[in-house]
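Engineer: Just passing along the structure, written as structure tokens.
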Amino acid sequence: MKNRMNKHIDVALSLVFLSLIPMANMLISHVGTICIPDGPCLIPVGFGLSAPSGVLLVGISLLLRDIIQERLGKNVTLALIVMGCISSFILADQHIALASVLAYGLSELGDFGVYQRVRKHSLLAAMLLSGLFGSIVDSAVFLYIAFGNFDFIAGQVIGKLLMGLLAFAAFPFVRKLT
């Protein structure tokens, strides 16, 4: 019974992971306190900064990738990253499709690499450092390719870190999942 339950949890985590980036892309184009013509929809993230609204889900995605890697291993995680790139390209609005795929792919692979190296020493440090690295890579790549500038990079990184920390607050629960 427990094995069957674990398989259901693994499938659910994988599906949520795969849905987060397309949902983030939708938010960027349609949801925010301000929507810039031919640009992102923005939300305030604190400290007087704004970020594209997809920031709400990307920080969670990076943490969820760590959980999936713990539960399902490297090969399944890499396959899910590839599937996420494909779905992101197919489902994203035209002007952000390439930026989304490259940012997602590079940030998740960077997060994956940092996590692999640091995990040998500490799960907590691996989750924090890989999330920070992934957030910075995702922000820089996405903003530059989608909008040709880094105007919202500070807000992007802070927003992703805040969402990652919020998700990380669930660490005791996460620990039970891994």
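Quick note: the coordinates plus some simple rules give every number you see, no bench work behind them. The structure presented is a predicted model; accordingly, all values stated were derived computationally and were not measured. Methodologically, a virtual Cβ is constructed for each residue, glycine included, from the backbone with ideal geometry; neighbour enumeration extends over all protein chains shown.
Engineer: In whole angstrom, how far apart do the alpha carbon centroids of the stretch 1-21 and the stretch 112-145 sit?
Structural biologist: Answer, in whole Å: 22.
Engineer: Moving on. Output the lone cysteines of the chain: those with no second cysteine's C-beta under 4.7 Å from their C-beta.
Structural biologist: Cys85
Engineer: Now for a separate question. Given the options Val76, Val157, Val137, which has the most mean-square fluctuation in a GNM of the chain, springs set between C-alpha atoms less than 10 angstrom apart?
Structural biologist: Val76
Engineer: Here is a follow-up. How high is the relative contact order of the stretch 1-134, given as a whole-number percent (alpha carbon pairs under 8 Å, six or more residues apart)?
Structural biologist: Once divided by the residue count of the stretch 1-134, the mean separation gives 21 percent.
Engineer: Given springs between every Cα pair under 10 Å in a Gaussian network model of the chain, which of Leu161, Leu63, Leu91 has the largest fluctuation?
Structural biologist: Fluctuation is largest for Leu91.
Engineer: Another question about this same structure. Rg/Rh for the stretch 2-177 to two decimals, with Rh computed the Kirkwood way over all alpha-carbon pairs. Walk me through the numbers on the way to the answer.
Structural biologist: On the way: Rg = 15.5 Å, Rh = 16.0 Å.
For the stretch 2-177, the value is 0.97.
Engineer: Can I ask one more? What is the dipole size for the stretch 107-164, taken about its Cα centre, with +1 at each Lys and Arg Cβ and -1 at each Asp and Glu Cβ, in debye to the nearest 20? Walk me through the numbers before you get to the answer.
Structural biologist: Working: 4 positive and 4 negative charges, 61 e Å.
Magnitude of the dipole: close to 300 debye.
Engineer: In the Gaussian network model of the chain, springs joining C-alpha atoms below 10 Å, which of Phe152, Phe47, Phe133 carries the largest mean-square fluctuation?
Structural biologist: Of the options given, Phe47 has the highest mean-square fluctuation.
Engineer: Sticking with this structure for a sec: Starting with the fewest neighbours, write out Cys41, Cys35 ranked by other beta-carbon atoms found within 10 Å of each beta-carbon. Don't skip to the answer; put the middle values down first.
Structural biologist: Working: Cys41 19, Cys35 14.
Going from sparsest to densest Cβ surroundings: Cys35, Cys41.
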